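Below you'll find the structure, written out as structure tokens, and then a few comments.
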Amino acid sequence: ARGGLAALGREERIGARPVVPALRESLQALGDSWRVHLATAFRHLGRAAVEPLVSALREGDKDIRRGAAWALGLIGHPQAVEPLIAAFGREDIEVRQAAVEALGEIGDPRAVEVLCIALGAPQRQLRQAAVQALDRLRWQPDSSAAGAAYWAEKREWDRCVQIGAPAAARRTSPCSSP
């Protein structure tokens, strides 16, 4: 079965269209142990998988949306950035975190604003994912509240002290791109 998923991905690259919906359904049916195999298939599918995954990101249940975000991050196509930004606005923390991680993987500067907003999330895992994503984007924190939140999450207290009042307030505002 392991080789089968990778082989399906190779077939899709040369035009076997029915594979994409089957892989999308696999996100719901298969457990986490199969993610490595699905990742291989999605990497082979590339752009052909983006539209069905964006659809799943918008319409599926939370596990489907989380899996779709994860797969879009693996594919890394810029067409996924806006739908992932929209997915961040959903209420489910797991979907929001998967969207933040995927945006970091894609590395598109359009994601900076939403990643800075994520720095102000009450959930630590979401803030940490935002810091990692901003690091991948090579974002340079300034003396804004977003910069203060970034340095606070990294436990760089000296940098927070240098920023001053925004660090004390720890409120997040939109930040500039890298």
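The values are calculated or read from the model by the stated rules, or taken from the named source; none is laboratory data. Because the structure is a prediction, the values reported are computed rather than measured. Neighbour counts run over all protein chains shown; Cβ positions are idealised from the backbone, glycine included. Keep in mind that these areas ignore ligands, DNA and RNA; they rest on the heavy atoms of the full protein, side chains included. Shrake-Rupley method; radii C 1.70, N 1.55, O 1.52, S 1.80 Å.
A compact table of results
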read-out	value
The listed residue being open to solvent by 10 Å² or more (accessible area, probe 1.4 Å), of a type outside the set (Phe, Trp, Tyr) and more than 16 Å from Ile64 (Cα to Cα), out of Arg127, Arg96, Arg90	Arg127
Close pairs from region 141-161: first within 18 Å of Gln123 (Cβ to Cβ) and surrounded by fewer than 23 Cβ atoms within 10 Å (Cβ to Cβ), partner of a type in the set (A, V, I, L, M) and at pLDDT 90 or above, Cβ under 8 Å, at least 6 apart	Glu153/Leu119; Glu153/Ala130; Glu153/Val131; Lys154/Val131
Meets criteria (surrounded by fewer than 20 Cβ atoms within 10 Å (Cβ to Cβ), within 24 Å of Ala146 (Cα to Cα), aliphatic (A, V, I, L, M) and touching a helix residue (DSSP H, G or I) at 6+ places or on another chain (Cβ under 7 Å)) for Ile106	no
Identity of the residue in region 109-124, surrounded by fewer than 24 Cβ atoms within 10 Å (Cβ to Cβ) and hydrophobic (A, V, I, L, M, F, W, C), that ends up farthest from His77 (Cα to Cα)	Ala121
Odd one out for Gly120, checked against (1) assigned to a helix (DSSP H, G or I); (2) modelled with pLDDT under 95	(1)
Long-range neighbours under 6 Å by Cβ, at least six apart or interchain, first residue in contact (Cβ under 8 Å) with a residue 24 or more places away in the chain within region 61-84, second open to solvent by less than 60 Å² (accessible area, probe 1.4 Å) and outside any helix (DSSP H, G or I)	Lys62/Asp92; Pro78/Asp108; Val81/Asp108
Residues being within 18 Å of Ala130 (Cα to Cα) and open to solvent by 20 Å² or more (accessible area, probe 1.4 Å) - total across region 48-77	4
